[in-house]
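The values are calculated or read from the model by the stated rules, or taken from the named source; none is laboratory data. Since the model is a prediction, treat every value here as computed from it, not as a measurement. FYI the Cβ positions are ideal-geometry reconstructions off the backbone, even for glycines, and counts take in every protein chain you see.
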Amino acid sequence: MDDSAHTRMLRLFRDIPDHRMQGKVFHKLHDILVIAVCAILAGLEQYTQMEDYAKANFDWFNSFLDLDNGIPSHDTFGNVFASLSPDAFEKAIQEWIYALRGSTTAGKHVAIDGKALRGSFNKTAEKSAVYMVNAYVHENHTVFAQLKVDDKSNEITAIPDLLEMLELKDSTVTIDAMGCQREIAQKIIDKQGHYVLALKGNQSSLLDDVQLFMDDLIANSPEKDYGYYESIEKNHGRIEIRKCWTVDKIDWLIPRHNWPGLKSLSAVECKRIVGEKESTERRYFISSHFDQPAQEMAGFIRNHWRIENELHWSLDVSFNEDSCRSRTKNAAENLARIRRIALMMLKNEKTCKLGVKSKRAKAGYDRDYLLTVLGLGQKNQS
């Protein structure tokens, strides 16, 4: 193997602790994970499909894996993903991502958002769906960290732990209204980052003050008292007019709410016109940025939702994530991480100008292309 970032990732699998009973282990953890990554890259999702895929490509896999005991069964795949340590797996993936991107999240725009793995919901066992919180950098389409929300907790308690996993110096962290909490703001400030947090009813007193102030400012104050940016997009018969107002003269507000690092406010208004129908929505945000141009604030707010379109949508549409019904122990969480690896590999592959779903199909029938996605070149092809 060459020393590409992808092959370093494959080697990192060797360092993940294997907690299976060693006397009964016939297949190395590293080999099982590599086969799973290849199978998911090739458009397959089920454990039985992983087994069949490996059997059909046995000679090729055996050229770089240790398969003296044959191909792992579908039960073995299931047992491994159920018992694999999520923390150790996440650590290995993070090391790979840093090698792949050559950087961390420092100085980047980091969008934090959660996603339910709907197929993991088990009504019979009264088990709610697994919920994963992601730290996404849209400029390089990368999930730098991922964390499962504890069964008896929620996104609010998981976000500080996720932030602890990231380097945030000079970064801007955006979170929707669920994450608009003092503890979360303080964590970002402590890690030398900035925040832009959406305001809704869960911070009703602060929202009331900000809404009253910003609405009056927009209606009655001269333009010199605030920053302003406007953009217009026309797409598929729809027109969207976005306006952003920012202000950092808020000395009156800070002592009223004692919010960590609070230095500016923003209001964003979006007007949508589709045919003869119009709708207008105005949203409000707090930020630790000071003297930030309105255009940049508008960019942070607009780009936050790329995590929905570029990550969550890709996982649902291109990887059928919501259809995955693996529910045993850690299986749903770990398979979500395998899909994340596959998505990053496919997005990093630039020789083929296809969408993610089409790239998966191509990797399934074209081994040369699969090798390219894996970063192995053609020298290992059997």
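Can you pull out the residues in region 264-282 that are closer than 15 Å to Glu240 by Cα, surrounded by 15 or more Cβ atoms within 10 Å (Cβ to Cβ) and under 27 Å from the mean Cα position of the chain (by Cα)?
Matches in region 264-282: Val268, Glu269, Cys270, Arg282.
Any idea which residue in region 230-248 is nearest to the chain's Cα centre (by Cα), counting only those that are among the basic types (Lys, Arg) and either within 18 Å of Leu199 (Cβ to Cβ) or surrounded by 14 or more Cβ atoms within 10 Å (Cβ to Cβ) (or both)?
Out of the qualifying residues, it is Arg242.
Determine which single condition Ala298 fails, assuming it passes every other condition in (1) assigned by TED's automatic domain parsing to the domain that holds Gln211; (2) within 26 Å of Ala185 (Cβ to Cβ); (3) touching a Cys at 6+ places or on another chain (Cβ under 9 Å).
(1)
Is it the case, given these coordinates, that Gln94 is surrounded by 15 or more Cβ atoms within 10 Å (Cβ to Cβ) and either under 26 Å from Met165 (Cα atoms) or assigned by TED's automatic domain parsing to the domain that holds Tyr369 (or both)? Steps first, answer last, please.
Details: surrounded by 15 or more Cβ atoms within 10 Å (Cβ to Cβ): yes; either under 26 Å from Met165 (Cα atoms) or assigned by TED's automatic domain parsing to the domain that holds Tyr369 (or both): yes.
Spelling it out, Gln94 is indeed surrounded by 15 or more Cβ atoms within 10 Å (Cβ to Cβ) and either under 26 Å from Met165 (Cα atoms) or assigned by TED's automatic domain parsing to the domain that holds Tyr369 (or both).
From the list Gly227, Gly261, which residue is buried (at least 16 other Cβ atoms within 10 Å of the Cβ), over 30 Å from the mean Cα position of the chain (by Cα) and of a type outside the set (A, V, I, L, M, F, W, C)?
The match here is Gly227.
With the requirement that a residue be exposed (fewer than 15 other Cβ atoms within 10 Å of the Cβ) and modelled with pLDDT under 75, what does region 97-117 give you?
Gly102
Can you name the helices (runs of 4 or more DSSP H) wholly within region 163-257 that have at least 1 residues being farther than 25 Å from Ala111 by Cα, among the polar types (S, T, N, Q) and free of Cβ contacts under 8 Å to residues at least 40 places away in the same chain?
204-220
Which of the residues that make up region 194-246 are closer than 27 Å to Val274 by Cβ and among the polar types (S, T, N, Q)?
Hits for region 194-246 are Gln211, Ser231, Asn235.
Quick one: how many residues across region 198-236 are hydrophobic (A, V, I, L, M, F, W, C) and in contact with a helix residue (DSSP H, G or I) (Cβ under 7 Å, 6 or more places away or on another chain)?
Matching residues across region 198-236 total 5.
From the set of residues in region 58-76 that are assigned to a loop (DSSP other than H, G, I, E, B) and in contact (Cβ under 8 Å) with a residue 60 or more places away in the chain, which is nearest to the chain's Cα centre (by Cα)?
Phe64
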